[in-house]
Amino acid sequence: MGLIAVQSPINTRSLQNPQLNISGGRRLSGELQVSGAKNSALVLMAACLLTRDTIKLKNVPPLTDIAAMSEMLISLGGQVRSVGDALELTGDSINTSTAPYELVNSLRASFFCIGPLLARTGMAKVPLPGGCQIGTRPVVEHVKGLKAMGAQVTIEHGIVTAVVPGRGHRLTGGRIHMDCPSVGATETLMMAAALADGETVIDNAALEPEVIDLAGLLIAMGARVRGAGTPTITIEGVDQLHGAEYAVIPDRIEAGTFLLAAAITRSHLRVTPVISEHLGAVLTKLEEAGCTLNHDGIGLTIKADQINAVDLRTQPFPGFPTDLQAPFMSLLATARGTSMVTENIFENRLQHVGELQRMGAAIRMQGNTAFVEGVTSLSGAPVQGSDLRAAAAMVLAGLSADGITSVRGLEYLDRGYANFEGKLNAAGASIERVSSAA
Ligand code: UD1
């Protein structure tokens, strides 16, 4: 089998300083197709390190983050083959337990490899991912849990070295109470526990749908996992895992972004596929704001006319997701009345406020809360997306604004949205990817 690194179909590298030019004010119609969930696919790819057999993951979105995770797996000796929207991943020739700094630095989620590497080889050396644009993002809970399973963990010169001492180099099941329900820590520890000796119980586990998706793949690989989606997850370790075929869930954040694109342009369209339970808090807020929603079993139809102010506070699932806070704020910037938006998950995730203000939004900040007074219309301006979701928020604002909005920061956008402008253009938007040097 050849090794094929997955590349994003969007060739941003051929454009110098790419930006999106959005001609605002158009209504959207028709249907927007949701890709597989980025955050699920990334962790499911890491889980493939747990077996020598081939795992076929279907519905994997073509994103730069997926390409980066493929590079990480290949750098460890794994094989990655791209077949349509599926990836075939084989970990029979893993030949190192050391993850390269450049790859962890470029993709935070590649820190996930520490759990499966340790479980499979008894050793893992992975650079600390460090902070990013939205916050410091510690990995304390990941490390604490691995120690509770018998790993000796040291952090020196920015590198986390974890070793399982003793004969067999096998982790031992343990009881882990997480101080906060970290998604990444829950997933890391589930993967590590899948091959551990005995039973592991993770208390105060994250409830996110991506955690349930990981449990689904692990179970398909022969793992014994119970309780994913509840605060207590129990994993009974097995000696080995085997190959499987598994489809990634639809991306709830992409779906939410599309619903917000419809709402901000006061449009009527269908977004599909959507699993409503994955978006409960978001759908409630959209209805509270005045949108009409109708789920037909697969997709969700949204009809938006007048948008009213609503208050939101980001929280772990099933609360309102931090990943949709910025896109929702763009909508509220055009609502009737004043909304209060509080960011509780990441300490630096309100950088889009300044950019929205450049487009005429009336927003006042107080600590981690933004008071957003809706305006009749935003005005197109050159703006910068400071992280993935902030970049999406800028595109949404541009869809509704008067005139042209130029959005930079596409290196972030392309990490999480497959063919974003192509999909929106097919529904009636006018977005052009150009070189800002032109
Ligand atoms: C994941 C998602 C990201 C999403 C986030 C919150 C992936 C690849 N990324 O990130 O898109 O925004 O969940 O829904 O799935 N924390 C600690 N100590 C720790 C770990 C986390 O205090 O050891 C805190 C963080 O600082 C943050 C909160 O817990 O305030 C949530 O972080 P976490 O759930 O770990 O997010 P990620 O898994 O990194």
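The values are calculated or read from the model by the stated rules, or taken from the named source; none is laboratory data. Keep in mind the model is a prediction, meaning the values are calculated, not measured. Cβ atoms come from the backbone with ideal geometry, glycine included; neighbour counts cover every protein chain shown. Just so you know, the surface numbers come from the protein's heavy atoms only, side chains and all, with ligands and any DNA or RNA stripped out. Shrake-Rupley method; radii C 1.70, N 1.55, O 1.52, S 1.80 Å.
Just give me the residues in the range 176-196 being touching a strand residue (DSSP E or B) at 6+ places or on another chain (Cβ under 8 Å) and either surrounded by fewer than 17 Cβ atoms within 10 Å (Cβ to Cβ) or closer than 13 Å to Thr232 by Cα (or both), in sequence order.
Ile176, His177, Met178, Thr186, Leu189, Met190
Listed here are the residues, each with its yes/no results for (1) open to solvent by 20 Å² or more (accessible area, probe 1.4 Å); (2) under 18 Å from the mean Cα position of the chain (by Cα); (3) of a type outside the set (Lys, Arg).
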| site | (1), (2), (3) |
| --- | --- |
| Leu117 | no, no, yes |
| Thr136 | yes, yes, yes |
| Val139 | no, yes, yes |
| Gly168 | yes, no, yes |
| Gly174 | no, no, yes |
| Val201 | no, no, yes |
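Residue-wise test of (1) without any contact (Cβ under 8 Å) to a residue 60 or more places away in the chain; (2) within 19 Å of Ala418 (Cα to Cα); (3) in contact with a Cys (Cβ under 6 Å, 6 or more places away or on another chain).
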position	(1), (2), (3)
Asn368	yes, no, no
Val375	yes, no, no
Ala381	yes, no, no
Ser386	no, yes, no
Arg389	no, yes, no
Ala393	no, yes, no
Ala401	no, no, no
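Quick one: Ser276 ticks every box in (1) touching a His at 6+ places or on another chain (Cβ under 7 Å); (2) under 16 Å from Ala392 (Cβ atoms) except a single one, so which number is it?
Every condition holds for Ser276 apart from (2).
Could you pull out every one of the helices (runs of 4 or more DSSP H) wholly within the range 350-438 that has 1 or more residues that are polar (S, T, N, Q)?
Counting at least 1 such residues, we get 352-358, 388-400, 420-426.
So if I check each of Ala397, Ala392, Ala401, which one is in contact with a Pro (Cβ under 8 Å, 6 or more places away or on another chain), crowded, with 23+ Cβ neighbours inside 10 Å and not β-branched (Val, Ile, Thr)?
Values: Ala397 fails: in contact with a Pro (Cβ under 8 Å, 6 or more places away or on another chain); Ala401 fails: in contact with a Pro (Cβ under 8 Å, 6 or more places away or on another chain).
Of the residues listed, the single one that is in contact with a Pro (Cβ under 8 Å, 6 or more places away or on another chain), crowded, with 23+ Cβ neighbours inside 10 Å and not β-branched (Val, Ile, Thr) is Ala392.
Can you give me the ranges of the strands (runs of 3 or more DSSP E) entirely in the range 249-312 with at least 1 residues that are within 26 Å of Asp402 (Cα to Cα) and not polar (S, T, N, Q)?
Here the list reads 268-272, 300-303.
Check the range 327-349 and report whether any residue there is among the aromatic types (Phe, Trp, Tyr) and not in a loop (DSSP other than H, G, I, E, B).
Checked against the condition, which is being among the aromatic types (Phe, Trp, Tyr) and not in a loop (DSSP other than H, G, I, E, B), the range 327-349 yields at least one hit.
In the range 70-77, is there at least one residue being β-branched (Val, Ile, Thr), in a helix (DSSP H, G or I), in the same structural domain as Ser182 (by TED's automatic domain parsing) and within 16 Å of the ligand (Cβ to nearest atom)?
Start the filter on the range 70-77 by keeping residues that are β-branched (Val, Ile, Thr), which leaves 74.
Now drop any that are not in a helix (DSSP H, G or I), which leaves 74.
Still in the list and also in the same structural domain as Ser182 (by TED's automatic domain parsing): 74.
Right, trim to within 16 Å of the ligand (Cβ to nearest atom) and you get none.
No: the range 70-77 contains no residue that is β-branched (Val, Ile, Thr), in a helix (DSSP H, G or I), in the same structural domain as Ser182 (by TED's automatic domain parsing) and within 16 Å of the ligand (Cβ to nearest atom).
With the condition kept exactly as written, say whether any residue in the range 9-22 is open to solvent by 10 Å² or more (accessible area, probe 1.4 Å), of a type in the set (S, T, N, Q), assigned by TED's automatic domain parsing to the domain that holds Glu187 and at pLDDT 95 or above.
Checked against the condition, which is being open to solvent by 10 Å² or more (accessible area, probe 1.4 Å), of a type in the set (S, T, N, Q), assigned by TED's automatic domain parsing to the domain that holds Glu187 and at pLDDT 95 or above, the range 9-22 yields no hits at all.
Looking at the range 110-130, is at least one residue more than 15 Å from Ala194 (Cα to Cα) and touching a Pro at 6+ places or on another chain (Cβ under 7 Å)? Give the derivation first.
Just the residues of the range 110-130 that are more than 15 Å from Ala194 (Cα to Cα), to begin with: 110-111, 123-130.
With the extra rule that they be touching a Pro at 6+ places or on another chain (Cβ under 7 Å), the set shrinks to 111.
Within the range 110-130, one or more residues are more than 15 Å from Ala194 (Cα to Cα) and touching a Pro at 6+ places or on another chain (Cβ under 7 Å).
Filter the range 99-118 down to the residues that are more than 17 Å from Pro165 (Cα to Cα) and more than 16 Å from the ligand (Cβ to nearest atom) and list them by number. I'd like the intermediate steps shown before the answer.
Keep residues of the range 99-118 that are more than 17 Å from Pro165 (Cα to Cα), which gives 99-113.
Hits for the range 99-118 are Pro100, Tyr101, Glu102.
When the range 119-134 is examined, which residues are found to be open to solvent by 10 Å² or more (accessible area, probe 1.4 Å), within 15 Å of the ligand (Cβ to nearest atom), without any contact (Cβ under 8 Å) to a residue 60 or more places away in the chain and of a type in the set (A, V, I, L, M, F, W, C)?
Leu128
In the range 30-51, which residue that is within 16 Å of the ligand (Cβ to nearest atom) and among the polar types (S, T, N, Q) is least open to solvent (accessible area, probe 1.4 Å)?
Per the stated criteria, the residue is Ser40.
Being within 16 Å of the ligand (Cβ to nearest atom) and either more than 14 Å from Asp311 (Cβ to Cβ) or open to solvent by less than 40 Å² (accessible area, probe 1.4 Å) (or both) narrows it down to one of Leu332, Leu350, Leu378, Leu356, so name that one.
Criteria check complete, one pass: Leu350.
Anything in the range 359-375 that is open to solvent by 30 Å² or more (accessible area, probe 1.4 Å) and under 14 Å from Asp402 (Cβ atoms)? List them, or say none. Steps first, answer last, please.
Here is the first cut: in the range 359-375, the ones open to solvent by 30 Å² or more (accessible area, probe 1.4 Å) are 360, 362, 364-368, 371, 373, 375.
Once the filter is applied, which keeps residues that are open to solvent by 30 Å² or more (accessible area, probe 1.4 Å) and under 14 Å from Asp402 (Cβ atoms), the range 359-375 yields Gly360, Val375.
Could you say which residue among Val201, Val211, Val139 is modelled with pLDDT of 95 or more and either under 30 Å from Ala326 (Cβ atoms) or assigned by TED's automatic domain parsing to the domain that holds Gln315 (or both)? Spell out how you get there, then give the answer.
Numbers: Val201 fails: either under 30 Å from Ala326 (Cβ atoms) or assigned by TED's automatic domain parsing to the domain that holds Gln315 (or both); Val139 fails: modelled with pLDDT of 95 or more.
Just a single option satisfies the conditions, and that option is Val211.
Somewhere in the range 344-359, is a residue more than 21 Å from the chain's Cα centre (by Cα) and of a type in the set (Lys, Arg)?
The answer is yes, given that some residue of the range 344-359 is more than 21 Å from the chain's Cα centre (by Cα) and of a type in the set (Lys, Arg).
Which one of Ser110, Ser93, Ser75 is modelled with pLDDT under 90, open to solvent by 20 Å² or more (accessible area, probe 1.4 Å) and over 26 Å from Asn425 (Cβ atoms)?
Ser93
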